[in-house]
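A.B. asks: Below is a structure I'd like to ask you about.
No value in this document is a laboratory result; all are computed from the given coordinates. In this text, all values refer to a predicted model and were calculated from it rather than measured experimentally. Because the Cβ atoms are built from the backbone with ideal geometry, glycine has one as well, and the counts that use them run over all protein chains shown.
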């Protein structure tokens, strides 16, 4: 079973603050790294799927980077808004389309 | 496109009772997943289907859990008999199947075993 670690476990920021989270994974047998956002009472929603070392993806105020050689990915949120409050999950695909999820980072953005 | 449909949304049962969850994936998605998410933990894969064949069920407690995917479309997950530690959110997801295809999740079923 692969070990996917996320930090911090939770984060509380003020509206307008920028923030970032880390996802660490074993760098061997890497195939793809997924990021999902899970808002309370809703279904998890895909943010990014990253496959190439050095890849950087952006969606509005959210962006992510990937380092497959050292086994980590960062998720950045610029100018956090209350609607960004959610649990952010990363998941590693090491082949065969099976995903191993981390425990998530719970973000709370206060107005 | 219509999303992944799951039912029921909530279920409360007593230990040793049985329960079943249903999932209808996005049309055309070959791969279907059942995940269990216990409070404070990340989603754990229970079983993964490719069409109607099982790809991975290594973490499925087969003495009490069973799952099937009829005709490669709908799927049901059953627990019999339930234990207290089965209290969790059960998520169904589907994807086109390639490792770089994102998963599309249903709203989940929150199961409470008392």
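A.B. asks: Taking the convex hull of the alpha carbon atoms in the range A:54-111, what volume per residue do you get, in Å³? Don't skip to the end; give the middle numbers.
C.D. replies: On the way: hull volume 5.8 nm³, N = 58.
Dividing the Cα hull volume of the range A:54-111 by its residue count gives 101 Å³.
A.B. asks: Which residues in the range B:22-50 place their backbone N less than 11 Å from a point set 7 Å from the Cα of residue B:76 along the Cα-to-Cβ direction?
C.D. replies: What the label zone holds, given the 11 Å backbone N cut-off, is B:22-23.
A.B. asks: So, one more: Between residue B:83 and residue B:44, 0.36 nm times their residue separation minus their Cα-Cα distance comes to what? Don't skip to the answer; put the middle values down first.
C.D. replies: Details: separation 39, 0.36 × 39 = 14.04 nm, distance 1.72 nm.
Taking 0.36 nm per residue and subtracting the Cα distance, the gain is 12.3 nm.
A.B. asks: Additional query: Taking the number of other C-beta atoms within 10 Å as the exposure measure, put B:47, A:77 in order starting with the fewest. Write out the running numbers ahead of the final one.
C.D. replies: Details: B:47 24, A:77 21.
Ranked by crowding around the Cβ, least crowded first: A:77, B:47.
A.B. asks: Computed over the Cα atoms of chain B, what is the convex hull's projected area averaged over all directions, in nm²? Please report the intermediate quantities before stating the final value.
C.D. replies: On the way: hull surface 26.8 nm².
Projected area, direction-averaged: 6.7 nm².
A.B. asks: I want to verify the translational diffusion coefficient of the range B:46-109 in µm²/s; compute it with Stokes-Einstein, Rh as the Kirkwood radius over Cα pairs, at 20 °C and 1.002 mPa s. Kindly include the intermediate steps, with their values, before the conclusion.
C.D. replies: Working: Rh = 12.9 Å.
Here the translational diffusion coefficient equals 166 µm²/s.
A.B. asks: Can you tell me the FRET efficiency between residue A:3 and residue B:54 if r is taken as the Cβ-Cβ distance and R0 is 22 Å, rounded to the nearest 0.05?
C.D. replies: Values: r = 24 Å, r/R0 = 1.10.
With a Förster radius of 22 Å, E is 0.35.
A.B. asks: Grab the Cα-Cα distance for residue A:81 and residue A:12, subtract it from 0.36 nm times how many residues apart they are, and report the gain in nm with one decimal.
C.D. replies: Working: separation 69, 0.36 × 69 = 24.84 nm, distance 1.16 nm.
Net length gain for the segment: 23.7 nm.
A.B. asks: Sticking with this structure for a sec: Highest first, please rank the peptides B:61-67, A:56-62 by the mean number of other Cβ atoms sitting within 10 Å of their residues. If you can, show how the numbers build up before the last one.
C.D. replies: Working: B:61-67: 14.7, A:56-62: 12.7.
In descending order of packing, they fall as B:61-67, A:56-62.
A.B. asks: Could you check the simple spin-label distance between residue A:74 and residue A:40, using points 7 Å along Cα→Cβ, in nm with one decimal?
C.D. replies: Inter-label distance under the simple model: 3.0 nm.
A.B. asks: Another one. For the protein assembly as shown, list log₁₀ I(q)/I(0) at each q in 0.07, 0.10, 0.12, 0.14 Å⁻¹, using the Debye formula over Cα point scatterers of equal strength and ignoring solvent, two decimals each.
C.D. replies: One equal scatterer on each Cα of the protein assembly as shown leads to -0.22, -0.45, -0.65, -0.87.
A.B. asks: Further question: Which value, to two decimals, describes the C-alpha radius of gyration of chain A once divided by 2.2 N^0.38 Å?
C.D. replies: Details: Rg = 13.4 Å, N = 111, 2.2 N^0.38 = 13.2 Å.
The value comes to 1.02.
A.B. asks: For residue B:22 paired with residue B:63, estimate the spin-label separation in nm (one decimal), with each label point 7 Å from Cα along the Cα-to-Cβ line.
C.D. replies: Each label point lies 7 Å from its Cα, and together they span 3.1 nm.
A.B. asks: Now a separate question. What share of all Cα pairs of the range A:1-43, in percent, falls into each consecutive 10 Å distance bin?
C.D. replies: Values per bin, smallest distances first: 18, 44, 30, 8.
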